[in-house]
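The values are calculated or read from the model by the stated rules, or taken from the named source; none is laboratory data. Computed from a predicted structure; not experimentally measured. All Cβ positions, glycine included, derive from the backbone under ideal geometry; neighbour counts span all protein chains shown. In case anyone asks, the SASA skips ligands and DNA or RNA and just uses the protein heavy atoms, side chains included. Shrake-Rupley method; radii C 1.70, N 1.55, O 1.52, S 1.80 Å.
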Amino acid sequence: MALKGGVPFTLSLFMFVSMLSSQCDCHPHPARAVSNHTERKVSDIVAEVAGYADVAKKIIDLAVFGAAQNRSYRRLADFTDTIGNRVSGSHNLELAIKYMYNTITKDGLDVHLEPVKIPHWVRGKESAEMIMPRAKSLAILGLGSSVGTPPEGIEAVVLVVESFEELKRRANEAVGKIVVFNQPFVSYGETVAYRAYGASEAAKVGAVATLIRSITPFSINSPHTGWQDYQDGVNRIPTACITVEDAELMWRMAQRGQKIVVRLTMEAKTLPDADSYNTVVEITGWQHPEQVVLLSGHLDSWDVGQGAMDDGGGAMISWEALSLIRDLGLRPRRTLRTVLWTAEEQGGVGAQQYYNLHKINISNFDLVMESDLGTFTPLGLQFTGNDAAQKVMEEVVKLLAPINTTKLEAHGEGTDISPWMQAGVPGASLHVADSRYFWFHHSEGDTMTVQDPREMNLCSALWAVVAYVVADLEDMLPR
């Protein structure tokens, strides 16, 4: 192992101890000695990282202004226009994986597929209509893993509530009803509980189905889908999301004391788990090929829209980062590995199986990175690691000054990298100007129209600089 600056650690320590022993004080101060040594090491790290400024600028110039300008956007457009949406277990997801494998191979990068088993839920035909107090078609999207209705559908009186607490207070009114949740949007992290657990909470008090206000702060009569979790031992009832507008409409009707009746029909069913793959792309490290900096995004999507934002953009910049590094003739000390996950939307299924397979080598994973909150204008990097690792990363992001994204924030996040971070591996995620992300999330609105080529250039540059520099530093990140 070597110190920054290339002086062997053992030699440096020997010289340091010899210097202390030659002093007249025959009682050295170990605490002070360690402190001085640490200060020198931090200083060396700062200097080493700063030495990558020219390389970082070359990566940024290539991505933002050079021959690779708009390439990640074009790749994403070609991919999503050709394949469309890609839900777990579907034929479209199979086509997407084959498309990416063939296209990345043509790009000249090493790529292979690692098999996994993934959920296979099928939406089928679905509809909902208000029968009383007036006739109205309701736009719905069934939620992942939902059971279907009987073939004739379910027709029942509606009970509208605004929270789980209200449902509990009015539990005796819920028996035999379709419960409509009209919960206000607070944040995705908090409000998504209604999508995830609404069906089971309603079933506990005797409801026959649930319709849940879409988890979004903005709507143009667009329902949003997503995964939901049935609780063990609780009756499984059909569940779907409705639009914000229709949830508020039924709430107003209920406040007036009007009787609301809805007919719901869903053909949803769960098939046996399907065969699939995580797609793995690599640039092998020249000095420590066994050590890995991992970049990632997920290739699957929901079965609506194009999955361009969630998470086609994250997948493309994770491929683009390796292309940029290859185009510049760069090869880091450690292996750069891009993983395009499968079945993230079902709870990180492909990523969990990858972790189970590779955790035996966990000590060789230097940094895990995930982009899954859009590829809008980048604002900075979110990071999870100890204080020493954070100090290194603070220096790394300073290299992003040309694109004004030098902010290192707390808490790297991502469903697919969370097992690694929980096990102590440093993790990073892309922080972008994501105020519009949940407008389009899991809806028909998630299309290429949401994407912007210049924003994707900036995201690609940030992703490539961080990955390359960390992979090329003399030492792995502390943990």
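Listed peptides 428-437, 154-163 appear in the order 428-437, 154-163 once ranked by packing, highest mean of other Cβ atoms within 10 Å at the front. The spacing between region 437-467 and region 150-223, judged by their C-alpha centroids, is 31 Å.
Between 0 and 90 degrees, rounded to the nearest ten: what's the tilt of helix 387-398 against the longest Cα principal axis of the chain? In the chain, helix 387-398 runs at an angle near 90 degrees to the longest axis. Each principal axis of region 363-479 carries a Cα extent, and these read 44, 32, 20 Å when sorted largest first. Dimensions of region 129-257 from C-alpha coordinates, computed as largest minus smallest value along each principal axis and given longest first, are 36, 32, 32 Å. The angle between the Cα long axis of helix 91-106 and the longest principal axis of the Cα atoms of the chain comes to about 20 degrees, rounded to the nearest 10.
Estimated from helices alone, the mean residue ellipticity of the chain at 222 nm is -11500 deg cm²/dmol (sum of -39500 (n - 2.57) over DSSP H runs with n ≥ 4, per residue).
Just one of [x] -0.61, -0.95, -1.28; [y] -0.52, -0.81, -1.16; [z] -0.55, -0.78, -1.00 is log10 I(q)/I(0) by the Debye sum over Cα atoms at q = 0.08, 0.10, 0.12 Å⁻¹ as worked out from the coordinates here. Which one is it? Of the listed options [x] -0.61, -0.95, -1.28; [y] -0.52, -0.81, -1.16; [z] -0.55, -0.78, -1.00, [z] comes from this structure. Karplus-derived 3J(HN,Hα) values for region 466-479, using 6.51 cos²θ - 1.76 cosθ + 1.60 with θ = phi - 60°, are 4, 5, 5, 5, 4, 5, 9, 4, 4, 10, 5, 4, x, 8 Hz; glycine and proline are entered as x.
Farthest toward the positive end of the dipole of the chain, out of Thr405, Leu249, Leu322, is the Cα of Leu249, where the dipole comes from beta carbon charges about the Cα centre.
Backbone geometry of region 223-231 corresponds, through the Karplus equation with coefficients 6.51, -1.76 and 1.60 at θ = phi - 60°, to 3J(HN,Hα) couplings of x, 10, 9, x, 7, 9, 10, 6, 8 Hz, x marking Gly and Pro.
Taking only C-alpha pairs under 8 Å that are 6+ residues apart, what is the relative contact order of region 336-472 in percent?
Value for region 336-472: 33 percent.
Which whole-number percentage describes the relative contact order of the chain, with Cα contacts under 8 Å and a sequence gap of 6 or more? Mind showing how you got there, number by number?
Values: 1094 pairs, mean separation 97.7, N = 479.
The value is 20 percent.
Note on region 412-479: Kirkwood radius taken over Cα pairs, Stokes-Einstein applied at 37 °C and 0.692 mPa s, translational D equal to 226 µm² s⁻¹.
Sequence-ordered 3J(HN,Hα) estimates for region 201-213 from the Karplus curve with 6.51, -1.76 and 1.60 and θ = phi - 60° stand at 5, 6, 5, 4, 9, x, 5, 9, 6, 10, 10, 10, 4 Hz, glycine and proline given as x.
Charging the Cβ of each Asp and Glu at -1 and of each Lys and Arg at +1, and nothing else, the dipole of region 177-272 about its Cα centre rounds to 360 debye.
Look at the alpha carbon pairs under 8 Å that are at least 6 residues apart: their mean separation over the length of region 132-244 gives a relative contact order of 35 percent.
For the chain, what proportion of DSSP beta bridges, expressed in % and rounded to the nearest 5, is antiparallel? Could the numbers behind the result be given before it?
Working: 40 of 71 bridges.
Given both bridge residues lie in the chain, the antiparallel proportion sits at roughly 55 percent.
In terms of distances greater than 24 angstrom between alpha carbons, the cross-link table entries Lys168/Lys259; Lys117/Lys359; Lys359/Lys391 yield Lys359/Lys391. Charged side chains reduced to their Cβ positions (Lys and Arg at +1, Asp and Glu at -1) give region 92-190 a dipole of some 220 debye around its Cα centre. For region 256-387, the share of accessible area belonging to carbon and sulfur comes to 48 percent (1.4 Å probe, ligands and nucleic acids excluded).
Considering all projection directions equally, how large on average is the shadow of the alpha-carbon convex hull of region 266-340, in square nanometres?
Details: hull surface 26.9 nm².
Spelled out: convex hull of the Cα atoms, projected over all directions, averaged, 6.7 nm².
Annotation: peptides 69-82, 295-308, 226-239, ranked by per-residue average of other Cβ atoms within 10 Å with the highest first, follow the order 295-308, 69-82, 226-239.
Looking only at Cα atoms, what is the convex hull volume of region 256-412 per residue, in Å³? Provide the component values of the computation, followed by the final result.
Values: hull volume 32.4 nm³, N = 157.
Convex hull of Cα atoms, per residue: 207 Å³.
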